[in-house]
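Enquirer: Mind looking over this structure? Questions follow.
The values are calculated or read from the model by the stated rules, or taken from the named source; none is laboratory data. Remember, it's a predicted structure, so these values are computed and weren't measured experimentally. Surface areas here come from the heavy atoms of the whole protein model, side chains and all, with no ligands, DNA or RNA. Shrake-Rupley method; radii C 1.70, N 1.55, O 1.52, S 1.80 Å.
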Amino acid sequence: MHFISIRMEKIDLIMQPVQKEMDAFNTLFKRSLHSRIHDFQFLLDFVSEKEGKRIRPLILLLSAKLCGEPTSKTLEYAVILELLHTATLIHDDVIDSTMERRGHDSVNAKFDNKIAVLLGDYILSQAIINGVNTENLQILRILSNLAQELVEGELIQLISSSDILINEERYFEIIRKKTAVLLFSCAEMGALSVNATKEEVKTLRLIGENLGICFQIRDDLFDYFEQGDIGKPTGNDIREGKITLPLIYALNNAPERKTKEMMNIIRKKDFSSDNIHHLISFAKEYHGIEYAENKMNEIKKNILFLLSKFPDSDTKNSMIEMIDYIIERRK
């Protein structure tokens, strides 16, 4: 419990330069999950009560603050992106048969898959309506591209063969579409909301993309350790046939005999508890974990270089702290 409180204090410190805006965002987001049709308001309340760390709106607000003063547009864009993100999480839980999210029942576990899919669709439609209400074609274009990229990433991962998925370049293509594009869009829309320069927008896009890549690598690493307070079972990604960076590296760098043995398990989809244990141990033995952690640290250096283009400020310090928070988080 002490460890968790330290993590919460860190995210609170990161939030300080935009605390007023985050409070306003939380109010607006809850309001956006209110329907004029009372029949299913209890479903929206169920979603609204499960507040996460709000990393995405926080990145959007910090990005705006790096370039100017956040406005009502900034809050509006943050709500739109969080609605879209919430909808994708509900759909992802159905696809992955996830029964828990943030230590509580997922929507599909609490109700059922049909309700979860429709509720996700409803929240997505709310994001689209809010996007249209901005009357800003550039914002609509970003949202449309974002939705397409997110779905493409999931589809590529679902239909790709094991041989394709042990290609590191392919792995990064997938996580850019699945995760990085969302943080990319948060940073971009935050900058646009305060009329940032083209150069500032371009720099923040890259910062958001790199933060998203680190976020997904860290998320993937959770699969290789005991569950603890992470909120997802050990080996869950492997069980679903998702081959992530630590295993990809090991498969490409271990002795051929060992690689063939592991690939045989993957191709047969023989994901018994023993075989998952073998695959995890294999990834650790052949330095897959170290490689993934080193990759995050390389990306961190790139983000720090990009942030150096902005003048020193509390907001910039928070963005620097955000990098460490994402890389070091435990759930």
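Enquirer: Over the chain, what percent of the accessible surface lies on carbon and sulfur atoms, probe 1.4 Å?
Expert: Values: 8320 of 16060 Å².
The nonpolar share, carbon plus sulfur, comes to 52 percent.
Enquirer: Expected output is a single nm value to one decimal: the length gained when fully extending between LYS260 and LYS202, i.e. 0.36 nm times separation in residues minus the C-alpha distance. What is it? Show your work: numbers first, answer last.
Expert: Numbers: separation 58, 0.36 × 58 = 20.88 nm, distance 4.31 nm.
Contour length minus the Cα-Cα distance gives 16.6 nm.
Enquirer: Multiply the residue gap between ARG31 and VAL117 by 0.36 nm, knock off their C-alpha separation, and tell me the result in nm, one decimal place. Intermediate values should be presented prior to the final figure.
Expert: Numbers: separation 86, 0.36 × 86 = 30.96 nm, distance 2.14 nm.
Computed gain between ARG31 and VAL117 is 28.8 nm.
Enquirer: Let me ask another. Report the extension gain between GLU328 and GLU152 in nm, rounded to one decimal, defined as 0.36 nm multiplied by the number of residues separating them, less their alpha carbon distance.
Expert: The span from GLU328 to GLU152 would gain 60.5 nm if fully extended.
Enquirer: Show me, bin by bin at 5 Å from 0, the whole-percent P(r) of region 245-314 based on Cα pairs.
Expert: Histogramming region 245-314 at 5 Å steps yields 3, 16, 20, 16, 11, 8, 7, 6, 5, 4, 2 percent.
Enquirer: Here are labelled values, (i) 0.97; (ii) 1.11; (iii) 1.07, and one is the computed Rg/Rh (Cα atoms, Kirkwood Rh) for what I pasted. Which one?
Expert: (i)
Enquirer: Considering only protein heavy atoms, what per residue accessible area in square angstrom results for the chain with a 1.4 angstrom probe? Show your work: numbers first, answer last.
Expert: Numbers: 16060 Å² over 331 residues.
Solvent-accessible surface per residue comes out at 49 Å².
Enquirer: Please work out the C-alpha center-to-center distance from region 39-97 to region 150-221 and express it in whole Å.
Expert: About 17 Å separates the Cα centre of region 39-97 from the one of region 150-221.
Enquirer: While we're looking at this one, here's another question. Tell me the angle of helix 181-193 to the major Cα principal axis of the chain, expressed in degrees between 0 and 90 and rounded to the nearest ten.
Expert: For helix 181-193, the angle is close to 20 degrees.
Enquirer: While we're looking at this one, here's another question. Using only Cα atoms, tell me the angle between helix 198-221 and the longest principal axis of the chain; keep it within 0 to 90° and round to the nearest 10.
Expert: Taking Cα atoms only, the helix is inclined about 40 degrees.
Enquirer: Using just the helices of the chain, give the 222 nm mean residue ellipticity in deg cm²/dmol: DSSP H runs with n ≥ 4 each add -39,500 (n - 2.57), and the total is spread over all residues, rounded to 500.
Expert: On the way: 18 runs with 244 residues, N = 331.
Calculated at 222 nm, the ellipticity per residue is -23500 deg cm²/dmol.
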